[in-house]
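> Quick one: the structure is below, and I'll ask about it shortly.
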Amino acid sequence: MSRLAGRSLYLFARVGTHDATNSFKAYALDFVREVGIESDAGFEVGIELVAKARRRRLPVAELPTIWLERTHGASSFRILKWVPKYLRWYRYAFGPPIQKLQQARVADQAVLGATEGTPTA
């Protein structure tokens, strides 16, 4: 499922990375301060920041890495708990471009508030 999400975001939303859900990323401090981090469930932060960069038409660079699957122990990844959080940012990545910081924050609140059922400010 993660692979499908990553590939579709790469091909159709043109996010600049083949795996938006991968959290092995580096971000400019100014960017993180500007957009903020709304994620509260851990791994979703990777896709959140990629989606926000895409909406602002900022570049996302990809550096080659390898991933070795777990060979011992059980995974703590709770797929049923985190899928709705991932989907929220997945849908967000396909939204229209955002140009200015104030417009970006208003748009973020409108989209995310509506998906969470919380009032927007």
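The values are calculated or read from the model by the stated rules, or taken from the named source; none is laboratory data. Because the structure is a prediction, the values reported are computed rather than measured. Note: ideal-geometry Cβ built from the backbone for every residue, glycine included; neighbour counts use all protein chains shown. Surface accessibility is based on the protein's heavy atoms, side chains included, excluding ligands, DNA and RNA. Shrake-Rupley method; radii C 1.70, N 1.55, O 1.52, S 1.80 Å.
> Does region 73-81 contain at least one residue that is surrounded by 19 or more Cβ atoms within 10 Å (Cβ to Cβ), over 18 Å from GLN109 (Cβ atoms) and either of a type in the set (D, E, K, R) or under 12 Å from the mean Cα position of the chain (by Cα) (or both)? I'd like the intermediate steps shown before the answer.
First, pick out the residues of region 73-81 that are surrounded by 19 or more Cβ atoms within 10 Å (Cβ to Cβ): none.
Scanning region 73-81 turns up no residue that is surrounded by 19 or more Cβ atoms within 10 Å (Cβ to Cβ), over 18 Å from GLN109 (Cβ atoms) and either of a type in the set (D, E, K, R) or under 12 Å from the mean Cα position of the chain (by Cα) (or both).
To keep it simple, each residue is scored yes or no on (1) out of contact with any Pro (no Cβ under 9 Å at 6 or more places or on another chain); (2) open to solvent by less than 20 Å² (accessible area, probe 1.4 Å); (3) not β-branched (Val, Ile, Thr).
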{"residue": "LEU4", "(1), (2), (3)": "yes, no, yes"}
{"residue": "LEU11", "(1), (2), (3)": "yes, no, yes"}
{"residue": "GLY16", "(1), (2), (3)": "no, no, yes"}
{"residue": "ASP19", "(1), (2), (3)": "yes, no, yes"}
{"residue": "LYS25", "(1), (2), (3)": "yes, no, yes"}
{"residue": "VAL32", "(1), (2), (3)": "yes, no, no"}
{"residue": "ASP40", "(1), (2), (3)": "yes, no, yes"}
{"residue": "GLU44", "(1), (2), (3)": "yes, yes, yes"}
{"residue": "GLU48", "(1), (2), (3)": "yes, yes, yes"}
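> A follow-up question, please. Condition first: assigned to a loop (DSSP other than H, G, I, E, B) and touching a residue at least 40 places away in the same chain (Cβ under 8 Å). Now tell me which residues in region 44-66 satisfy that.
Of everything in region 44-66, those that are assigned to a loop (DSSP other than H, G, I, E, B) and touching a residue at least 40 places away in the same chain (Cβ under 8 Å) turn out to be ARG56, ARG57, PRO59, VAL60, ALA61, GLU62, THR65.
> Checking TYR90 against (1) open to solvent by 80 Å² or more (accessible area, probe 1.4 Å); (2) not in a loop (DSSP other than H, G, I, E, B), which test does it fail?
Single failed check for TYR90: (1).
> OK, next. Say we look at region 1-35 and pick out the residues that are touching a residue at least 60 places away in the same chain (Cβ under 8 Å) and among the small types (Gly, Ala, Ser); which of these is nearest to PHE94 (Cα to Cα)?
Out of the qualifying residues, it is ALA13.
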